[in-house]
1. Which one is farthest from Asp18 (Cα to Cα), of the residues in the range 57-92 that are of a type in the set (Val, Ile, Thr) and in a loop (DSSP other than H, G, I, E, B)?
2. Considering only the range 46-56, state which residues are part of a loop (DSSP other than H, G, I, E, B) and open to solvent by 40 Å² or more (accessible area, probe 1.4 Å).
3. Is it true that Ile30 is at pLDDT 90 or above and under 20 Å from Leu92 (Cα atoms)?
Amino acid sequence: MSDERNLENEEMYEEELDTIVLTLEDGGEIECGILGVFEVEGYDSDYIALLSEEDNEIMIYKYEEINEEEANLDVIEDDAEYEKAKETFESLFVDFDGEDEE
């Protein structure tokens, strides 16, 4: 699942983001900026928020680091878990004015 909201204020991420390339099931690839890795209260997984460089869509996945160069990303299939991860991401990284929380 991903947050269907597109970022309206691209200035929110003026800094250069680290990037990751996602390989899709159909073999295509999408380059994404890494917004952050975070924990969600009540769940044992780590999560990662990505910003698609193609359409500025925020995507949130379960995240497991294998080593410094490899990680596993899994789709969050449970709606309640996804909503909690989305709320946590927004509270950690975005304020209500649409500006970065740094």
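1. Kept after step one, since they are of a type in the set (Val, Ile, Thr), are these residues of the range 57-92: 58, 60, 66, 75-76, 88.
If we keep only those that are in a loop (DSSP other than H, G, I, E, B) too, we end up with 66, 75-76.
On the way: Ile66: 17, Val75: 21, Ile76: 22 Å.
If we take residues in the range 57-92 being of a type in the set (Val, Ile, Thr) and in a loop (DSSP other than H, G, I, E, B), then Ile76 is farthest from Asp18 (Cα to Cα).
2. So in the range 46-56, the residues part of a loop (DSSP other than H, G, I, E, B) come out as 53-56.
The answer is Glu53, Glu54, Asp55.
3. On the way: at pLDDT 90 or above: yes; under 20 Å from Leu92 (Cα atoms): no.
So Ile30 fails the test.
The values are calculated or read from the model by the stated rules, or taken from the named source; none is laboratory data. Worth saying up front: this structure is predicted, and the values here are computed from it rather than measured. Heads up: the accessible areas ignore ligands, DNA and RNA and are worked out on the full protein's heavy atoms, side chains in. Shrake-Rupley method; radii C 1.70, N 1.55, O 1.52, S 1.80 Å.
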